[in-house]
Structure formats: C-alpha cells, structure tokens
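The values are calculated or read from the model by the stated rules, or taken from the named source; none is laboratory data. Computed from a predicted model, the values in this text were never measured in an experiment. All Cβ positions, glycine included, derive from the backbone under ideal geometry; neighbour counts span all protein chains shown. What goes into the accessible areas is simple: the full protein's heavy atoms, side chains included, and nothing from ligands, DNA or RNA. Shrake-Rupley method; radii C 1.70, N 1.55, O 1.52, S 1.80 Å.
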Amino acid sequence: MTHDHDLVLRPTEAQKAAALAPPPGRTGGDLVVETLRSLGATTVFGLPGQHALGLFDAVGRSDLRLIGLRTENNAGFAADAYGRMTGEAVPLLLSTGPGALMALPALAEAAAASSPVLAISSQVPTPGLGGGRRGHLHELRDQAASFRDVVKSVHVARAPSQIPSVIAEAWESALSAPHGPVWVEIPEDVLRAETVVPQVTGLDATPHELAPRPELTALAAHWLENAERPVIIAGGGVVRSDAAGKLKQLAERLNAPVVTTFGGKGAFPWTHPLSLQSWMEDRHMTDFLEDADVLLVVGSGLGELSSNYHTFFPEGRVVQIEADLGKLESNHAALGIHADARLALQALLETVAERPDPKAPERVSLLLASIADRLSAQDVSLEQQLLASVRAALPPRSPSFWDMTILSYWAWSAFDAKHPNTMHSAQGAGGLGYAFPAALGACLAEPGTPVLAVSGDGGAMYSIADLATARQHDLDVTWLIVDDGGYGILREYGSATGTTLPGPDFAALAAAFDIPAATATPESLRADLAKSLKTPGPSVVVLPATLKMFAPTHV
C-alpha cells in the first residue's frame with residue numbers, strides 16, 4: 001500500500017550531478033537570482049547600494065534583465081506597472097535603509113492597486129540585527145516594521161539555505177488573490193557569503209485560487225434573476241482577474257446596466273447599450289445606483305472615490321464579490337462573497353437564469369443624457385476637448401498612465417479606456433510622480449507598443465531624472481505634461497498656499513536628455529500627440545494650459 005507521505009519527488013540524474021558539483025564562488029546573492037529565474041522572472045527593477053552589492057553582482061552574472069531607474073520610488077512605480085500589464089510577480093531590488101524607505105510610496109500604490117511587486121532588500125550584517133544600536137551604515141531598529149503595514153506580507157531570510165524557500169513563499173503570496181506587493185529582507189553578509197547550497201531548480205510557487213462558496217453564488221443568482229432594477233458596479237478586481245468577458249456575458253444575460261469604477265476602467269465596453277460608463281462622481285449616477293433593488297459589486301470595496309465621496313447609500317440588496325477579505329462589507333452591509341472575480345462571475349454564469357428587460361438601455365440613455373446636460377451647463381468645453389484629443393491620438397490598444405492632475409481626474413470619469421488593462425493611474429494611494437516611471441515599466445512589459453504618460457508640471461518634477469532611463473533604453477513612451485505653473489488641483493480645492501511653482505522649460509529640459517519635445521496648444525494637441533506616439537523612442541509634449549474641474553456633486 002502506498003501512502004501520500006511516501007510520494008516524494010526523486011532528483012533526476014542532472015539534478016544529482018549539479019548538486020555534487022555546484023559552480024564555485026556562488027553566494028547568497030546567486031541563490032536569490034537562481035530562485036527568481038527558477039520561478040520565471042526575466043526582468044528586475046531597482047538601484048544598487050553598498051549593502052546590496054552581493055545581490056546586484058549576482059544579477060550581473062545572470063541573464064536577468066536589470067532596469068535601473070534613477071530613484072527607488074520610480075523603480076517601484078515601474079515595477080508596479082510591469083506587474084499590472086503582465087500579471088507576473090516583478091522583483092524590485094533595493095538597498096538597506098534610505099534606499100528601501102525611498103520605495104515606500106510606490107509600494108503603497110502597489111498595495112492599493114493590488115499589484116504583485118516582489119521587493120527584495122538588503123539589511124545590515126547579521127551581527128547588527130536584534131534592535132541594538134551598533135552604528136552600521138543605514139541601520140534601522142526594525143527595517144521590516146517600516147513596511148509591514150504597507151505590503152501584503154513580510155518574509156525574512158537569515159541564512160543562505162533559507163533564501164529559496166523564503167522567496168518562493170513571497171512569490172506565492174504576491175500572486176495569490178488579492179495580488180499585492182511583498183517584502184523580502186536578507187542581511188548583507190548573507191548575500192555576500194559563499195555557499196555550498198546547490199543551484200536552485202524545480203521550485204513551485206503556484207498561487208492558490210480563491211473560489212466562491214456555492215451557497216453564496218446560488219443566493220446571489222436568485223436575487224439577480226428576480227430583481228426589477230439590477231445594476232452592476234465593476235471594479236479593478238475585474239481587470240486584474242481578466243474577467244471582462246464574463247462580466248459582459250452576465251450583464252447581457254441579466255440586462256443589468258454596468259458602471260465601472262476608476263480602477264475598473266475598460267472592464268465593460270464604453271458604448272455598450274448597458275454601459276453607464278464611469279461617472280462615479282455624479283449625483284445622477286449615485287441616485288441611479290441607490291435605486292437599484294439588487295446591486296452587484298464586483299472587485300471593488302466601494303471606497304471614497306467609488307462612492308461619490310461616501311455619499312452613496314444603497315437602498316436595495318447588495319452582493320459584493322471581493323478577493324480582499326478586509327474590503328468585504330467594509331463600507332456597506334452586503335452578501336459578501338470572498339472570491340476571485342473571474343471565478344465568482346463564472347459561478348454566477350453557471351447558475352443565473354436569463355432576465356428580460358427591454359427598458360434597461362433606455363434607462364441607461366436617460367441617465368447619461370442627464371449627466372451630459374449637467375456638464376453642458378458648465379464652462380468645461382476645453383477639458384472635454386483635450387480628453388477627446390488624447391483619445392483620438394492614442395491607439396486603442398496602447399496603455400496610458402495618469403498622474404494626480406486635473407486632466408487625470410477628468411479621465412477617471414470621462415475617458416474611454418477602449419480595452420481592459422489599458423488605463424492606469426495613481427488613484428489607489430494618490431501619490432504624485434506615478435505616471436512617467438509607470439509608463440516606462442509598461443514599455444518594457446509590452447515592447448513595440450507606444451505608451452502614454454500624462455502628468456501635471458508639479459508631478460512631472462518627481463520624475464524628470466528618468467528621462468535618462470527612457471533615453472538609455474530607447475523606450476517608446478510619450479510624456480504629456482500639462483503645465484499650469486503649480487498644483488492646479490489644490491488651487492481648485494481653494495488653496496493658494498504653496499501651490500504656485502515656477503518651473504523649468506520642459507521642452508528644453510527634454511532636449512538636454514536628447515529627447516525630442518513639442519509645445520502644443522489645445523488645437524494642435526491631437527496632431528502633436530499622434531506624431532509623438534508614432535515616432536519610435538521617447539518624446540515629450542508640453543501643453544501650457546490652466547484647467548478646471550467639473551462642479552462636484554458630493555458637497
């Protein structure tokens with residue numbers, strides 16, 4: 001009789017030979033690299049530092065592609081975007097102390113957007129651990145504590161033999177639903193020390209699938225097929241789980257209107273008869289959602305931006321599908337289904353009956369007309385014109401990345417993303433400087449596809465150094481900088497203190513990096529962007545313009 005515990009994997013002859021004669025001079029850093037290669041990594045981001053040289057030297061001996069941006073935070077944003085575009089875990093290599101801490105804002109954005117970044121940092125030598133103050137360079141009392149409340153999980157290796165298992169564990173965590181950034185920490189002496197541990201092969205870090213409980217989807221299906229006014233809110237979880245096709249099938253079977261959150265842009269066709277588009281910041285939309293007798297929320301926690309700044313209070317039943325357990329019923333009572341969006345939507349499709357409703361498209365049209373009427377009463381034709389120009393110039397399959405700036409705030413509500421996973425912004429954590437380095441990461445993830453970054457002049461100043469990175473790797477990115485001489489969105493909020501920023505000549509600054517630049521007008525923007533996007537390599541388009549927001553409906 002054979003028992004499960006008797007079934008062990010036997011090493012192959014090649015593995016036996018490799019174990020008996022590992023290459024000489026290998027270090028803990030090589031174990032990191034071998035583990036990453038064994039798990040499937042091909043590209044890593046980061047900046048070298050003294051404590052991390054054992055790791056970076058090992059990368060240099062490998063076939064991993066290292067992309068070094070000019071600051072750790074920008075490297076983190078680039079890794080985040082690479083993970084969003086590919087769905088892969090993306091290594092971000094950091095050095096101890098200030099280098100690691102510089103990446104915190106990027107990891108916070110990755111956490112908010114559920115992006116699978118695998119941050120691997122050096123640490124002071126082992127004798128300096130334990131909270132004592134030995135005076136090591138870059139010493140922190142507890143470096144991992146700075147990241148524990150930001151990332152999804154923390155993993156620590158204190159000896160060479162621990163490295164493969166620790167990284168595999170972190171890799172699995174990053175890719176298990178909900179995706180998220182993870183933190184791995186290895187002391188400098190462990191990275192530098194020679195090791196007799198054999199070459200790493202055959203690691204398995206397959207993420208666990210998060211399937212829904214059938215009794216929950218059965219009840220949800222019953223509610224939906226018997227609803228009079230069902231509505232679907234599609235969040236970023238639909239995009240991350242590649243479930244847009246299943247969402248469309250379900251919406252059409254139920255004849256349920258669909259609105260996408262800002263993180264869920266592209267999850268549902270913009271011009272579909274059931275599409276409510278993305279006007280989450282409009283009271284007409286809020287009223288429509290509140291009137292639903294059954295509201296299906298897929299892949300969203302209904303946070304501040306997805307609830308019209310917490311002025312949304314559903315009156316009917318709510319079904320919430322969410323992979324992040326902490327977001328279930330965090331804002332509204334619901335039938336909470338803890339599951340990956342794709343698996344839950346598939347379960348509903350296998351259960352729910354068809355629900356005729358010939359009047360649903362008419363209700364959608366009336367709502368969108370009401371929103372258009374509200375906007376037409378305001379002086380916002382310039383902003384609408386600029387968004388239309390960007391959309392017309394950008395190829396349908398090209399990714400775009402948007403910083404925290406007025407044109408981006410418009411885009412969240414009014415921009416047609418055309419396809420899932422083609423529009424990304426920093427609205428998860430809301431930090432400045434995201435768009436351009438993230439766009440560089442997307443260029444590396446999808447070579448041959450032009451990528452657009454959109455920033456204001458204030459946010460652009462966070463990323464100027466990485467014009468050098470764009471030029472170094474000849475990345476096919478176009479950077480649109482809307483220059484209004486300061487933090488325009490803060491002025492919109494009524495603040496005048498510290499919001500005026502005398503800035504550089506961005507076109508001349510781009511030229512200093514040997515990057516072509518054009519200064520556009522609102523009338524020439526479409527043509528200028530289209531030309532830049534069709535031209536291989538990096539380019540900059542500067543638009544001097546003062547924009548304003550549409551009138552808020554939540555105050």
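General remarks:
- Number of the exception - E446 against (1) within 13 Å of A81 (Cβ to Cβ); (2) open to solvent by less than 40 Å² (accessible area, probe 1.4 Å); (3) of a type outside the set (V, I, T): (2)
- Test: V319 is open to solvent by less than 20 Å² (accessible area, probe 1.4 Å), in a loop (DSSP other than H, G, I, E, B) and closer than 30 Å to P207 by Cβ: no
- S173 meets each of the listed conditions (1) among the polar types (S, T, N, Q); (2) modelled with pLDDT of 95 or more; (3) under 30 Å from D340 (Cα atoms); (4) touching a helix residue (DSSP H, G or I) at 6+ places or on another chain (Cβ under 9 Å) apart from (4).
- In segment 322-335, residue least open to solvent (accessible area, probe 1.4 Å) [restricted to those that are under 17 Å from V238 (Cβ atoms) and either β-branched (V, I, T) or not in a loop (DSSP other than H, G, I, E, B) (or both)]: E322
- Look at segment 500-516: where a residue is under 12 Å from I464 (Cα atoms) and a partner is of a type in the set (S, T, N, Q) and open to solvent by 50 Å² or more (accessible area, probe 1.4 Å), sitting 6+ places away or on another chain with Cβ atoms under 6 Å, you get A507/T519.
- T271 closer than 28 Å to W402 by Cα, among the β-branched types (V, I, T) and either touching a His at 6+ places or on another chain (Cβ under 9 Å) or crowded, with 21+ Cβ neighbours inside 10 Å (or both): no
- Residues that are among the hydroxyl-bearing types (S, T, Y) number at least 1 in the following helices (runs of 4 or more DSSP H) confined to segment 339-395: 360-376, 381-393.
- Evaluated against (1) open to solvent by 40 Å² or more (accessible area, probe 1.4 Å); (2) touching a helix residue (DSSP H, G or I) at 6+ places or on another chain (Cβ under 9 Å); (3) acidic (D, E), E228 falls short on exactly one condition, (2).
- Within segment 229-245, being over 16 Å from the mean Cα position of the chain (by Cα) and over 20 Å from V318 (Cβ atoms) holds for A244, G245.
- Filter result (farther than 18 Å from R229 by Cβ, touching a Ser or Thr at 6+ places or on another chain (Cβ under 7 Å) and not polar (S, T, N, Q)) within segment 241-262: F262
- When V454 is tested against (1) of a type in the set (A, V, I, L, M); (2) open to solvent by less than 20 Å² (accessible area, probe 1.4 Å); (3) assigned to a helix (DSSP H, G or I), just one condition goes unmet, and that condition is (3).
- When E88, E109 are checked against the criterion of being touching a Phe, Trp or Tyr at 6+ places or on another chain (Cβ under 8 Å), closer than 19 Å to G263 by Cα, among the charged types (D, E, K, R) and surrounded by 24 or more Cβ atoms within 10 Å (Cβ to Cβ), E109 stands alone in meeting it.
- The single condition among (1) free of Cβ contacts under 8 Å to residues at least 60 places away in the same chain; (2) open to solvent by 20 Å² or more (accessible area, probe 1.4 Å); (3) within 30 Å of the chain's Cα centre (by Cα); (4) over 19 Å from E88 (Cα atoms) that H138 does not satisfy is (1).
- Scanning segment 466-482 for residues being assigned to a strand (DSSP E or B) and over 15 Å from A545 (Cβ atoms) gives a total of 3.
- Residues of segment 436-493 that turn out to be out of contact with any Asp or Glu (no Cβ under 8 Å at 6 or more places or on another chain) and either closer than 18 Å to V540 by Cβ or not hydroxyl-bearing (S, T, Y) (or both), as a count: 31
- In segment 483-542, the residues that are farther than 30 Å from Q472 by Cβ, assigned to a loop (DSSP other than H, G, I, E, B) and open to solvent by 80 Å² or more (accessible area, probe 1.4 Å): Y493, A496, T497, E523
- Breaking point among (1) in contact with a Phe, Trp or Tyr (Cβ under 7 Å, 6 or more places away or on another chain); (2) open to solvent by less than 30 Å² (accessible area, probe 1.4 Å); (3) under 25 Å from L247 (Cα atoms); (4) outside any helix (DSSP H, G or I), for A417: (1)
- Note on segment 316-341: among residues that are in contact with an Asp or Glu (Cβ under 6 Å, 6 or more places away or on another chain) and not hydrophobic (A, V, I, L, M, F, W, C), the one that is nearest to Q249 (Cα to Cα) is G336.
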